[in-house]
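Structure record follows, encoded as structure tokens.
The values are calculated or read from the model by the stated rules, or taken from the named source; none is laboratory data. Source: prediction; values computed, not measured. In this analysis, Cβ positions are derived from the backbone assuming ideal geometry, glycine residues included, and neighbour counts consider all displayed protein chains.
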Amino acid sequence: MELTFYIAGAVAILATIMVITRYNMIHALLYLVVSFLAVAVVFFTLGAPFMAALEIIIYAGAIVVLIIFVIMMLNLSEDATQQEKEWLKPSIWIGPAILSAVLLAELIYIFTAMDVPTTATVPVDAKLVGLALFGPYMLGVQLCGMMLMAGIVGAYHLGRQKKKVTHRFLEKEAAQ
Amino acid sequence: MENLIWLIPALPFLGALLLILFGLKMPRIMVPVIGAGSVGISSLLTIFLGIQFLSDGAAMYVQHVWTWFSIGGFSPGIAFHVDALTMVFIFVITFVGFLIHLYSAEFMAEDADYSRFFASMNLFVGSMLVLVLADNLVLLYLGWEGVGLCSFLLIGFWYREPANGYAARKAFIITRVGDTAMAIGLFLLFQYFGTLNIQEILTQAPQTWSVGSQTAVLVALLLVGGAVGKSAQLPLQTWLPDAMAGPSPVSALIHAATMVTAGVYLITRTYVLFELAPTAQMVVAFIGAATLLIAGFTALTQNDLKRVLAYSTISQIGYMFLALGVGAWSAAVFHFMIHAFFKALLFLGAGAVIMALHHEHDMFKMGGLRKKMPVVFWTFLIGSASLAAVPLISAGFYSKDQILWLGLAGGNGSVILYIAALLGAFVTSIYTFRMVFITFYGEEKTHISHMPGFWMKLPLVVLAILSLLGGFIELPHNFAHFTLFTDYLKPVLPVIVIDEGLATIEWIFQIVAALVALSGIYIAYLFYLKKPYLAQNMERSKFAMSLHRFWYSGWGFDALYNAVFVRPYVYLSKANRSDGIDFFYTGLAYFTQWLNSLFTRTQTGMLRTYMMGVLVGAILVVTISLLL
Amino acid sequence: MNGISMEAGLLLAAILFALGLMGLLMRRNIIFMLVSVEIMLNAAGLAFIVAGMRWAQPDGQVMFIFILTMAAAEVSVGLALILQLYHQLKTLDSDAASRMRG
């Protein structure tokens, strides 16, 4: 199991590096799926099989598919890849990369400095999670429901196609 | 009848209300009908009330209309108090006011703001009546401020001329100085008595304060402050000459007959307080003496017909103050009444002359009007005779002689006051007849454009009759001993104590007074009619000319106040425009603006710079938490 | 069952988070930025799971479910915004949408 964790972790890190460095969006998304799958394996090794399933279904499934749909709707040409290449110059990314590395170093220092035992071996199954969700976290579940509702309404409202391409607050839009 | 007292002030207010609301829409003829009519009915009511008052012998009528407000046990009412003193005042206000309204109906007929004029006049009459009818000092103060407001409105009636607006503001602000003193006096009275009802104060005061107590002196002096401001006495007299910017009927009604004597009324009404404060009473007497001299000499040098009359008004009110100061209460009220008659007459006559000569105010451009305007001339002459106190025939003689006599022989009288009053009388007769001779004699210098009609002549004639006959209701003791007026006021005002030693030789002083008045007239005759070169000779003398300039400027009071109050104030306000505190706040504003421009630069609109900010912030926080 | 140290799990989460942050800062393409945000959210969820497992409690997983829900809502709104932005500006360049410059 330990080995599985390390392999999956390495895969996740590599895939994520690939994601953020790809010029082609579809390639990046494929690596993203790999990354999510690897994280799902990590969840499994940690003893959270239900979460692993959710990770695959929602992240690797729904969200990535959604992004792919949007990319398809935008109907991007070959130039987009070319443009990504121009945008991703070392002079641009070196600064943020160093800063992020600093933050990462600090985080690593914090985590390694801790005197931590190994994790518990008992897997926590879906039943326990469900009991917790609808027990002490009831309010949170309801809030999540409301947030999803707002997300749906917001997405619908924002996603409508306006006939005019000017700012929607400044000019009277043509009736839908 | 006494239930209708409230109608006397209510009718002019109603007239003012109607004229304010509908004055521009109603036919022009209706304006004077409402304006003069309301005051006319008031004066009729007053006369009926007076007849009843005299016949049933009641000491006073009190009518409580309603309670104005009630706070913590203090509830001043809209309540009217009529006694003998009030009767004199409301008679003068309504009757003289009515005559002046009649006069105005013709005088102002050509003016575009006809209805505004009558609305203000009615409002004034109403406020003045509230002032004298009030049974408590709060209501009196309401009327007091009301007449101040109307005075402001009417002085600045022709407001398109900036000088008139300036004069109006000057009158309002200077009287406000006195009003503030009076308000503080009222606060003190309330603190000591817990009430502002005049009669209650007058009965309680002698029990609370002993004669000469410091508080009484303080309160009395504060009330004098109010009276001095309203009545244009030293040192607040400078507004009245400038107030002549208003139309002549306004000068006649407000600045001669009624409002400026409100100070006299206030002191007479609260005479008990002054009897408790001899110091304050002495101050009143000397204010009066000084004012009557200063104003008299100033009147001697003025060219403007109305300014002569204005200074003479100040001077005559000075006589009233002198009389109040020596405790001759009824003499002061008597002189007030007679003065209201003849001074209103003089102002109305002056108005007729000024109107006839294309609004020419300069006396030296008038002349020769004696033949052209006989009615105006004869009535003006009668008024002048009364003002100069021509012996025996004029009302002014009886009233002024009484003050002269009591100034010497009265309880608080002294030789200084007598000499001042006598000198004042001498000067009065000189400037009065100087005015008459210059205006009406000599050759005609300006063409007459407008002859006064019936409605202007009628008030002149009525007032002239009153100026002649009004004096006969009060004759000196040794001369028929007919003292109707004093007897009438006896229930309200105490009779003055007369020095017995002097009483036997009263006739000497009367003859002196008569001679002084007559010699003044003769000197005016000599200088301005018979031998005009005498006046020209005097003009060559350097001393006479500088004295003339000094008197002409009203003894330099305007310049003095300008230097002492106005200039420093203007300087201070200019200096304050950019003081240190301002500097600090401006600096604060600039600093905020600078910070704003600084932080605006961080708003690039670029998502990634914002993210960088978040990241740097996160690193900072984590680093700090690590280091600590 | 196994001896996976919590340290290792948290390190993995930190590395993934840092990578996501790096991506967010490096890319100008707004879709890439959104993807990077997803990576960061996922890393945060991983950290929760690791912490939850340390105590063998379901709370960490509950938090992961909340994060998941939030990510779903966020991505739907974010994509709608991207669509709108693309229609307005005809580009996916996030720097082009800089009208809020002060």
All but one of (1) facing chain A (nearest Cβ under 7 Å); (2) hydrophobic (A, V, I, L, M, F, W, C); (3) within 28 Å of C:Ala97 (Cα to Cα) hold for C:Ala56, so report the exception by its number.
(3)
Somewhere in region C:84-91, is a residue charged (D, E, K, R) and surrounded by fewer than 18 Cβ atoms within 10 Å (Cβ to Cβ)?
yes
Would a scan of region A:2-23 turn up a residue that is surrounded by fewer than 19 Cβ atoms within 10 Å (Cβ to Cβ), at pLDDT below 90 and facing chain C (nearest Cβ under 7 Å)?
yes
How many residues does region C:59-86 contain that are within 7 Å of another protein chain (Cβ to nearest Cβ) and not hydrophobic (A, V, I, L, M, F, W, C)?
6
Is at least one residue of region A:58-79 more than 30 Å from A:Leu158 (Cβ to Cβ), buried (at least 17 other Cβ atoms within 10 Å of the Cβ) and within 8 Å of another protein chain (Cβ to nearest Cβ)?
no
Between B:Leu149, B:Leu189, which is more than 25 Å from B:Leu21 (Cα to Cα) and of a type outside the set (S, T, N, Q)?
B:Leu189
Return the only residue of B:Arg601, B:Arg608 being without any contact (Cβ under 8 Å) to a residue 40 or more places away in the chain, within 14 Å of chain C (Cβ to nearest Cβ) and touching a Ser or Thr at 6+ places or on another chain (Cβ under 7 Å).
B:Arg608
Set C:Phe17, C:Phe32, C:Phe64, C:Phe48: member being without any contact (Cβ under 8 Å) to a residue 40 or more places away in the chain, closer than 14 Å to A:Ile67 by Cβ and either crowded, with 21+ Cβ neighbours inside 10 Å or under 14 Å from the mean Cα position of the chain (by Cα) (or both):
C:Phe32
Give me the residue from region B:18-29 that is at pLDDT 85 or above and surrounded by 15 or more Cβ atoms within 10 Å (Cβ to Cβ) and, out of that set, nearest to B:Glu106 (Cα to Cα).
B:Leu19
Please enumerate the residues belonging to region B:403-440 that are surrounded by fewer than 18 Cβ atoms within 10 Å (Cβ to Cβ) and hydroxyl-bearing (Ser, Thr, Tyr).
B:Ser414
Just need a number here: residues in region C:35-53 that are facing chain A (nearest Cβ under 7 Å) and of a type in the set (A, V, I, L, M, F, W, C).
6
What number of residues within region B:542-600 satisfy the criterion of being within 27 Å of B:Ser315 (Cα to Cα) and not basic (Lys, Arg)?
23
Does B:Arg577 satisfy being among the charged types (D, E, K, R) and either in contact (Cβ under 8 Å) with a residue 40 or more places away in the chain or within 10 Å of another protein chain (Cβ to nearest Cβ) (or both)?
no
Does region C:66-73 include one or more residues that are hydroxyl-bearing (Ser, Thr, Tyr), touching a Leu at 6+ places or on another chain (Cβ under 7 Å) and within 28 Å of A:Met138 (Cα to Cα)?
yes
So which pairs qualify, if the first residue must be in region B:251-276 and closer than 18 Å to B:Asp135 by Cβ, the second must be in a helix (DSSP H, G or I) and of a type in the set (Lys, Arg), the Cβ gap must be under 8 Å, and the two must be at least 6 apart or on different chains?
B:Ala262/B:Lys230; B:Leu266/B:Lys230
Quick one: which helices (runs of 4 or more DSSP H) sit completely within region B:491-545 and have at least 1 residues that are farther than 30 Å from B:Glu275 by Cβ and basic (Lys, Arg)?
B:532-540
